[in-house]
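Novice: My structure is below; once you've seen it, I'll send some questions.
The values are calculated or read from the model by the stated rules, or taken from the named source; none is laboratory data. Model, not experiment: these values are computed from the prediction. Note that each Cβ is placed from the backbone with ideal geometry, even for glycine, and that neighbours are counted across all protein chains shown.
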Amino acid sequence: MSVMIRGEDRTRLKVMGDIEAELAVPADAAGRCWLSFSDGTLVEAAYGDDDACRFAVSQEGAAIARIQRDGDRDILRLDWRVEWVTVAADGNAARATEARELMPMLPGLLGELAY
């Protein structure tokens, strides 16, 4: 119950395991694309000048995500039951920005606690 992905070249990604497929990297991706998985994992794939694909986990889902080096490229492995995976060009993906807000102070709270 896992899936492995590696970049074949700038135009396709090879998916192996629970899902067997070759996914096209969007032509307008400019060397960067996003992979989204059914467990909630979001991964950025980026190609260097040498056509080597590198992965970076942007958002962890339920799966245990591991990135292994294989020569000059990465292999992404998700250990979880993956039902679907999709690829989006960098310009066709959006994420919410994380707003870190302080918790409000509650008047009198600390004075009411018994130690």
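Novice: If you take the residues of the range 5-41 that are surrounded by fewer than 17 Cβ atoms within 10 Å (Cβ to Cβ) and hydrophobic (A, V, I, L, M, F, W, C), which of them is nearest to ASP70 (Cα to Cα)?
Specialist: Looking at residues that are surrounded by fewer than 17 Cβ atoms within 10 Å (Cβ to Cβ) and hydrophobic (A, V, I, L, M, F, W, C), I get MET16.
Novice: Quick check on the range 42-76: of everything there that is surrounded by 14 or more Cβ atoms within 10 Å (Cβ to Cβ), of a type in the set (Asp, Glu) and farther than 14 Å from ASP90 by Cβ, which residue is nearest to the chain's Cα centre (by Cα)?
Specialist: Selected residue: ASP74.
Novice: Related question: Among the residues of the range 9-32 satisfying the criterion of being without any contact (Cβ under 8 Å) to a residue 24 or more places away in the chain and touching an Asp or Glu at 6+ places or on another chain (Cβ under 9 Å), which is farthest from ARG77 (Cα to Cα)?
Specialist: The selected residue is GLY31.
Novice: Please work out which one of (1) at pLDDT 75 or above; (2) among the charged types (D, E, K, R); (3) within 12 Å of LEU42 (Cβ to Cβ) is the condition ARG95 fails and give its number.
Specialist: (1) is the only condition that ARG95 fails.
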